[in-house]
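The values are calculated or read from the model by the stated rules, or taken from the named source; none is laboratory data. Since the model is a prediction, treat every value here as computed from it, not as a measurement. Here the Cβ positions follow ideal geometry from the backbone for every residue, glycine too, while neighbour counts run over all protein chains shown.
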Amino acid sequence: MTESKYGKHIVTELKTQRFDPEFAARYAQWATRILWMDDKVVDGAFQMNCAWYLRPPATPMPEGSGAHTHDADEIIGFFGNNPQDPYDLGGEIEFWLEDEKHILTKSCLIFVPRGMKHCPLILRRVDRPIFHFTTVTSGQYKFIKEEKE
């Protein structure tokens, strides 16, 4: 951000070189990524992603949204944008933890312990933009794709 001693710790723009251009173009069809941080953006940082979900995707969600695990803990958040009712998600998301399907219609935080299978994440309905973030307690977002049986 600034030329100061600690300004490098403040990120105010998306570091787009982090993403494959084809992946970024597909993602932009249904969401707007706001900011991304990891240890490649700020040395020593853990991973965090912030985005607005604008509409359900016309094609299947990108890689990383299917069933997978991480070798670090993750927190996933979904928030509606109605200040009069901040718990109303303004849409409907299908989200899987292990083999349990959850239908999310309220703003929420999800704790995913390391090694827990989670996803797919399916945007069923988006009435108003939904703020979404993920944070993984390691320096990089790495996932282990689950094999189909």
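When VAL41, VAL11 are screened for being more than 27 Å from SER107 (Cα to Cα) and either at pLDDT 90 or above or not in a helix (DSSP H, G or I) (or both), only VAL41 passes.
Rundown of residues vs (1) among the basic types (Lys, Arg); (2) buried (at least 18 other Cβ atoms within 10 Å of the Cβ); (3) not in a loop (DSSP other than H, G, I, E, B), yes/no style:
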| position | (1), (2), (3) |
| --- | --- |
| ASN82 | no, no, no |
| PRO86 | no, no, no |
| GLU94 | no, no, yes |
| ARG114 | yes, no, no |
| PRO120 | no, no, yes |
| ARG124 | yes, no, yes |
| ARG128 | yes, no, no |
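Filtering the range 44-59 to residues that are outside any loop (DSSP other than H, G, I, E, B) and small (Gly, Ala, Ser) leaves only ALA51. Whenever a residue of the range 58-74 is modelled with pLDDT under 80, it has no partner that is small (Gly, Ala, Ser) lying with C-beta atoms less than 8 angstrom away and at least six residues away or across chains. Among the residues of the range 48-57, those identified as modelled with pLDDT of 90 or more and of a type outside the set (D, E, K, R) are MET48, ASN49, CYS50, ALA51, TRP52, TYR53, LEU54, PRO56.
Report yes if LEU109 is outside any loop (DSSP other than H, G, I, E, B), surrounded by 14 or more Cβ atoms within 10 Å (Cβ to Cβ) and not polar (S, T, N, Q), otherwise no.
For LEU109, the condition - outside any loop (DSSP other than H, G, I, E, B), surrounded by 14 or more Cβ atoms within 10 Å (Cβ to Cβ) and not polar (S, T, N, Q) - is not met.
When you look at THR135, is it assigned to a strand (DSSP E or B), polar (S, T, N, Q), out of contact with any Pro (no Cβ under 8 Å at 6 or more places or on another chain) and more than 25 Å from ASP20 (Cβ to Cβ), yes or no? It is false that THR135 is assigned to a strand (DSSP E or B), polar (S, T, N, Q), out of contact with any Pro (no Cβ under 8 Å at 6 or more places or on another chain) and more than 25 Å from ASP20 (Cβ to Cβ).
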